[in-house]
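Q: The structure's right below; bear with me while I get my questions together.
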Amino acid sequence: MDWTLEVIVLPVTDRARDFYRDKLGFHVDIDGEVMPGARVVQLTPPGSGCSIALTEGLPNPTGTPRPGTYHGLQLCVTDIDAAHAELVGRGVEVSESQRFTPEDGATFMYFTDPDGNGWAVQEYRRRKTEPLHKVLADLAASDTGDTVG
């Protein structure tokens with residue numbers, strides 16, 4: 001059985017949709033009332049197979065997170081300098097990149113949304129020639145499932 005991570009519910013306030021759409025360039029997939037009194041805005045980063053859902057009034061049986069309390073979301077890019085320039089050009093306050101080791105995948109920058117939810121951006125240059133969806137398809141075809149490249 002495949003278990004795909006496709007949506008992450010993110011605790012935010014009303015101002016978040018415009019930030020994710022206009023500042024980060026996420027595509028708005030859904031924006032509307034899904035049941036009386038419950039609104040969902042689902043957005044997907046360009047090239048991603050996983051979306052975020054900004055919700056208001058939607059019951060959550062496992063608990064209700066507070067806006068600004070989520071940290072650890074991570075986007076991956078193939079060129080962190082280009083990504084930094086794009087975010088700065090869109091008006092996002094983003095840290096300078098930090099290279100922790102010379103290996104691919106060890107360079108990060110950070111930003112928060114208007115509510116304080118924290119994001120990391122990881123440079124993974126290998127994805128230029130080995131997109132994650134292709135790596136995963138190859139793994140599934142070989143049925144080894146040992147590692148993700």
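The values are calculated or read from the model by the stated rules, or taken from the named source; none is laboratory data. For clarity, every value in this text was computed on a predicted model and none was experimentally measured. No Cβ is skipped: glycine too gets one built from the backbone with ideal geometry, and neighbour counts run over all protein chains shown. The protein model used for the area step is the full one, side chains on, heavy atoms only, and it has no ligands, DNA or RNA in it. Shrake-Rupley method; radii C 1.70, N 1.55, O 1.52, S 1.80 Å.
Q: In debye, nearest 20: dipole of segment 64-112 around its Cα centre with unit charges on the Cβ of K, R (+) and D, E (-)? It would help to have the intermediate numbers written out before the result.
A: Details: 3 positive and 7 negative charges, 65 e Å.
Dipole about the Cα centre, nearest 20: 300 debye.
Q: If you don't mind, there's one more thing I want to ask. Place +1 on the Cβ of every Lys and Arg and -1 on the Cβ of every Asp and Glu in the chain, take the dipole about the Cα centre, and give the residue among Thr13, Gly37, Trp119 whose Cα lies farthest towards its positive end.
A: Thr13
Q: In segment 72-136, what GluC sites (Glu not before Pro) fall in a loop by DSSP, with at most 11 other Cβ atoms inside 10 Å?
A: Glu93, Glu96, Glu103
Q: Taking the alpha-carbon centroid of each part, what is the distance from segment 80-149 to segment 1-36 in angstrom?
A: Distance between centres, Cα-based: 19 Å.
Q: OK, next. With no solvent and one equal point scatterer placed on each C-alpha of the chain, evaluate the Debye formula and give log10 I(q)/I(0) for q = 0.11, 0.13, 0.18 Å⁻¹, two decimals.
A: Debye curve over Cα of the chain, log10 I(q)/I(0) at q = 0.11, 0.13, 0.18 Å⁻¹: -0.50, -0.69, -1.16.
Q: Still on this structure, please answer the following. Output the 0 to 90 degree angle, nearest 10, between the alpha-carbon long axis of helix 80-89 and the longest principal axis computed from the alpha carbons of the chain.
A: It works out to around 30 degrees.
Q: Also, quick follow-up: Any chance you could give the angle, 0 to 90 degrees and rounded to 10, that helix 132-142 forms with the longest Cα principal axis of the chain?
A: Once rounded, one gets 70 degrees.
Q: Suppose every K and R has +1 on its Cβ and every D and E has -1 on its Cβ; what is the size of the dipole of the chain about the Cα centre, in Debye to the nearest 20?
A: Dipole of the chain, to the nearest 20 debye: 180 debye.
Q: Take every Cα pair under 8 Å in the chain that's 6+ residues apart, average their separations, divide by the length, and report that relative contact order as a whole percent. Write down the numbers at each step before the final one.
A: Details: 253 pairs, mean separation 30.7, N = 149.
Relative contact order comes out at 21 percent.
Q: For segment 41-125, give the percent of accessible area contributed by carbon and sulfur heavy atoms, probe 1.4 Å, rounded to a whole number.
A: In segment 41-125, the share of accessible area belonging to carbon and sulfur is 52 percent.
Q: If you roll a 1.4 Å probe over the heavy atoms of the protein chains, what accessible area per residue do you get for segment 1-129, in Å²?
A: Numbers: 7810 Å² over 129 residues.
Result: 61 Å² per residue.
Q: Report the net charge of residues surrounding Pro114, where surrounding means a beta-carbon distance below 11 angstrom and charges are Lys +1, Arg +1, Asp -1, Glu -1.
A: Working: positive: Arg15, Arg17, Lys23; negative: Asp14, Asp18, Glu93, Asp113, Asp115.
So the environment of Pro114 carries a net charge of -2.
Q: Looking only at segment 1-53, where both bridge partners belong to it, what percent of the DSSP beta bridges are antiparallel (to the nearest 5)?
A: Within segment 1-53, antiparallel bridges account for around 75 percent of the total.
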